[in-house]
1. Which sequence of HIS25, HIS75 reflects their accessible areas, 1.4 Å probe, from the largest down?
2. Taking the inverse of the average 1/r across all pairs of different Cα atoms in region 1-97, what Kirkwood radius in Å do you get?
3. Which percent, nearest 5, of DSSP beta bridges in the chain are antiparallel?
4. Quick one: Cα convex hull volume of region 97-141, Å³ per residue?
5. For region 30-169, give the percent of accessible area contributed by carbon and sulfur heavy atoms, probe 1.4 Å, rounded to a whole number.
6. Would you mind calculating the gained length between LEU34 and ASP82 on full extension (0.36 nm times residue separation, minus the Cα-Cα distance), in nm to one decimal?
7. Could you pull out the trypsin sites (Lys or Arg not before Pro) across region 120-169 that fall in loop regions by DSSP (anything but H, G, I, E, B) with no more than 16 other Cβ atoms inside 10 Å?
8. Would you mind giving the average projected area, over all directions, of the Cα convex hull of the chain in nm² with one decimal?
Amino acid sequence: MSVKIFVMTHKAFEVPKDSIYIPLHVGREGKEDLGYIGDHTGDTISEKNCYYSELTGLYWVANNVTDADYFGLCHYRRFFLDNENSLLSETAYEEILKTHDVIVAKAVYHLKSYFEVYKEAHNIYDLQVTGEVLRQLYPDIYPVFEEVVAGKKVYSGNMFVTSRKLFCE
């Protein structure tokens, strides 16, 4: 079992010494080289980073990297930690993935709904359009969207690790 965790960034940072952590310069198209792999080669949407943030890196990984059994994304220098607050190692990921399909960040509970929290930090129109698209194209899952945005539980940081198969799905 091999694991690669891509750390999405647009700034230089201290890269973890463990080789499973691979910094990926997102929005690299037309930007200064930070010395990391960029999301601007191969099948890319790097130039759309101002609209999609770290998702340009996620797109790049899904369409250009095939040499690992498990893939992960750590969002802008955030990492999964063990009970001793140390970075998870490849061995730790492998142990967890023996019994779980996906690793995600711990849930954070807010006093306000996800809709209100999002509205304070982002353009609420984007979330509303997302809901409308889901309602029209995927009416069977739209109630789940409504439940999530009305709820107070949030999985922040856009972080996960899963199998290549689930990753690409």
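The values are calculated or read from the model by the stated rules, or taken from the named source; none is laboratory data. Every value quoted in this text rests on a predicted model; they were computed, and no experiment measured them. Positions of Cβ are generated from backbone atoms using ideal geometry, with glycine treated the same way; all protein chains shown enter the neighbour counts. Heads up: the accessible areas ignore ligands, DNA and RNA and are worked out on the full protein's heavy atoms, side chains in. Shrake-Rupley method; radii C 1.70, N 1.55, O 1.52, S 1.80 Å.
1. HIS75, HIS25
2. With all distinct Cα pairs of region 1-97 included, I get 13.8 Å.
3. Working: 10 of 23 bridges.
About 45 percent, rounded to the nearest 5.
4. 128 Å³
5. Ligands and nucleic acids excluded, carbon and sulfur give 53 percent.
6. Stretched out fully, the LEU34 to ASP82 stretch lengthens by 14.4 nm.
7. Passing sites in region 120-169 are LYS152.
8. 11.2 nm²
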